[in-house]
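Notes to accompany the following structure.
The values are calculated or read from the model by the stated rules, or taken from the named source; none is laboratory data. Given the structure is predicted, the values throughout are model-derived calculations rather than measurements. Heads up, the Cβs are rebuilt from the backbone with ideal geometry, glycines too, and the neighbour counts pull from every protein chain shown.
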Amino acid sequence: MVYDKVTLQDISLDGKKVVIRLDLNVPVKDGKIVDNNRVVQTLPTIRYLLEKGCKLVVLSHFSRIKDISEVTSGKKSLKVVADEFQRLLPDNKVAFVSDIDFNNVASFVSSNTDVDLFVLENTRYYDVDAHNSLVKWESKNYPDLAKFWASLGEVFINDAFGTSHRAHASNVGIAGHLPSAIGLLVEKELGMLGKAVSSTDSPKVLILGGSKVSDKLKLINAIAPKVDKLLIGGGMSYTFLKAQGKEVGKSIVEVEMIEECKNLLQRYAGKLVLPVDHVVASEFKDMAGRVVDLEEKNWGDNMALDIGPKTVELYRSVLENAKVVIWNGPMGVFEFDNFSEGTKSVALKLADITKKGAYTVIGGGDSAAAADKFKLADSMSFISTGGGASLAFFEGSAMPGIEVIPDK
C-alpha cells in the first residue's frame, strides 16, 4: 500500500504546542533502560520540532497494563524514559508528568512554561480504572481520553510506527481533533518498507520464520506473488513439512493449518523452499542438539529448534544473488546459543549481500532482535522499529494510525 500523508514539512509548526505520539516501549531491567534505540530513533523529529520553537507533549505506551497493581507499583512508568530524554537533550528542559488526572495534567503543562518537552505517563495506565476494572480507555480509543490529550496541543504528530496498526486514543483518537501529520520516523518507515514491497528488482526473496503459519498466512499470500523465492524457517516450517508427509518428531505443528500448507505448496511450487535438515533436541532448552536429515524417520522424542547446516548452505545460495530481501522471523530459537547458528548464518549472508548492493529489510520484532544480538543491525539496509506494524504493512492490512492522517 502506498501512503502519501501530510508530513512535518507540510504543516504550520512555528511556536506551536505539539502533542506527539512516540513508541518508547523500551526494554528495562532493574529500573534501567537496556536498549535505548527506540528513544534515539525519535530524536530527529523531536529536534526538528524544538528548532521550530515548539513545546512538546509526548505520549507513549510502555508494556501492557492488566491490573491496577501495575500502575501503583511504578514498574511500568515512563519516568525512566523521561530521564533518558533529559540525558540526550541536555540543552532542553524535560519534565515528567507522573499524575494521570486530567485536570492535574493540564494544569502542570500549562503552568510550567519553561519546559520544552513534557513526557506524560504511560498511556496504557488509562486501560484500568481505580476500581481495578479493565476499561481500556486507551486501547479502545475512548473519545473523552482522546479529546483530553488533544486539548494539550495545537497540532498532533504521529511518529510511532510501531503502534500504527492499532486504533488507539493516543493516535487515531487525537488525530480526529487536531491538524495532524506523520513524523520523520514514520515517513522513513513508509518509504523504506514501501520500496522493498514495490521493487521490481530480481531476484527478490522473502525469508519467513517464527512459530506459526497462521500468523504469516496473510503475509505469504500478499508477498509470495511478488518474489522469486520464499525461504521458510523456524517452527512454522514443520507444519509445511508435516503437510508433505515428512517426519517432524515433537516439533511444533499447527494441525489445523496442514491442509492450507498443502494448498500453499501447490500454489507457490517452485518458489517455496523448506529446510532439508534440522538441529533437534529432546527438550526446549539451551542444550547440545544433533543434526537430523529430512528423510530420517528415527526422531524419537526430539523437536527441531533450528535449521541444519545443509539448509543453511541452501538458503545462503538462494540469497547469494538476491537484489531485494525482506526478512520476517528467525530460523530457529536464536535466543539459545546452541540453536542460533541458522539465524546467525542468514543474518551474516544478508549483511554480505547488502555490502554488494542488495536492498535488505528486516521487519522488526524477533528478526531485528537477532540482528542486534549478532551485532549486524548496522549491516542491513533498513530495520523497522515495528514488528506487528511492519507485518501489517507487508500484508497490506489496515494501518489506522497512518490512515487517519490527512493525505497531501
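Data table
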item: Positions within the range 115-132 being part of a loop (DSSP other than H, G, I, E, B), in contact (Cβ under 8 Å) with a residue 60 or more places away in the chain and under 24 Å from Leu50 (Cβ atoms), in sequence order; result: Val115, Asp116, Asn122
item: Residue within the range 281-289 that is more than 25 Å from Asp228 (Cβ to Cβ), free of Cβ contacts under 8 Å to residues at least 24 places away in the same chain, part of a loop (DSSP other than H, G, I, E, B) and more than 28 Å from the chain's Cα centre (by Cα) present; result: yes
item: Options Leu145, Leu185, Leu152, Leu193: the member that is surrounded by 15 or more Cβ atoms within 10 Å (Cβ to Cβ) and not in a helix (DSSP H, G or I); result: Leu152
item: Residue count for the range 32-79, restricted to those that are under 24 Å from the mean Cα position of the chain (by Cα), buried (at least 19 other Cβ atoms within 10 Å of the Cβ) and among the hydrophobic types (A, V, I, L, M, F, W, C); result: 8
item: Selection status of Leu185, within 25 Å of Gly363 (Cβ to Cβ) and out of contact with any Gly (no Cβ under 6 Å at 6 or more places or on another chain); result: yes
item: Single unsatisfied condition, Val39 versus (1) closer than 21 Å to Thr123 by Cβ; (2) in contact with a Gly (Cβ under 9 Å, 6 or more places away or on another chain); result: (2)
item: Lone unmet requirement of (1) within 20 Å of Lys17 (Cα to Cα); (2) of a type in the set (Asp, Glu); (3) surrounded by fewer than 20 Cβ atoms within 10 Å (Cβ to Cβ) for Glu121; result: (3)
item: Which numbered condition Tyr126 misses (of (1) under 27 Å from Asn37 (Cα atoms); (2) over 27 Å from the mean Cα position of the chain (by Cα); (3) hydroxyl-bearing (Ser, Thr, Tyr)); result: (2)
item: Qualifying residue in the range 224-231 (condition: outside any strand (DSSP E or B), farther than 22 Å from Ser317 by Cβ and small (Gly, Ala, Ser)); result: no
item: Enumerated helices (runs of 4 or more DSSP H) restricted to the range 313-408, each holding at least 3 residues that are under 26 Å from Asn36 (Cα atoms); result: 341-355, 365-373, 387-395
item: Yes/no for Ala358 being modelled with pLDDT under 95, in the same structural domain as Asp215 (by the TED database) and either on the phi < 0 side of the Ramachandran plot or touching an Asp or Glu at 6+ places or on another chain (Cβ under 8 Å) (or both); result: no
item: Residues of the range 224-271 that turn out to be touching a residue at least 40 places away in the same chain (Cβ under 8 Å) and either β-branched (Val, Ile, Thr) or not assigned by the TED database to the domain that holds Val318 (or both), as a count; result: 4
item: Val292 vs. criteria under 13 Å from Ile207 (Cβ atoms) and touching an Asp or Glu at 6+ places or on another chain (Cβ under 8 Å); result: no
item: Counted residues, the range 155-178 - those being under 21 Å from Lys16 (Cα atoms), touching a Gly at 6+ places or on another chain (Cβ under 9 Å), small (Gly, Ala, Ser) and in a loop (DSSP other than H, G, I, E, B); result: 1
item: Selection status of Val205, in a strand (DSSP E or B), touching a residue at least 40 places away in the same chain (Cβ under 8 Å) and over 22 Å from Val26 (Cβ atoms); result: yes
item: Failed criterion for Arg124 (all others in (1) among the charged types (D, E, K, R); (2) more than 16 Å from Arg166 (Cα to Cα); (3) at pLDDT 95 or above hold); result: (2)
item: Counted residues, the range 391-406 - those being in contact with a strand residue (DSSP E or B) (Cβ under 9 Å, 6 or more places away or on another chain) and at pLDDT 95 or above; result: 6
item: Any hit, the range 87-107, residues being under 24 Å from Phe382 (Cβ atoms) and either surrounded by 12 or more Cβ atoms within 10 Å (Cβ to Cβ) or under 23 Å from the mean Cα position of the chain (by Cα) (or both); result: yes
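Matching residues to (1) at pLDDT 95 or above; (2) of a type outside the set (Gly, Ala, Ser); (3) under 30 Å from Ala130 (Cα atoms):
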position	(1), (2), (3)
Leu8	yes, yes, no
Gly15	yes, no, no
Asp30	no, yes, yes
Leu43	yes, yes, no
Ile68	no, yes, yes
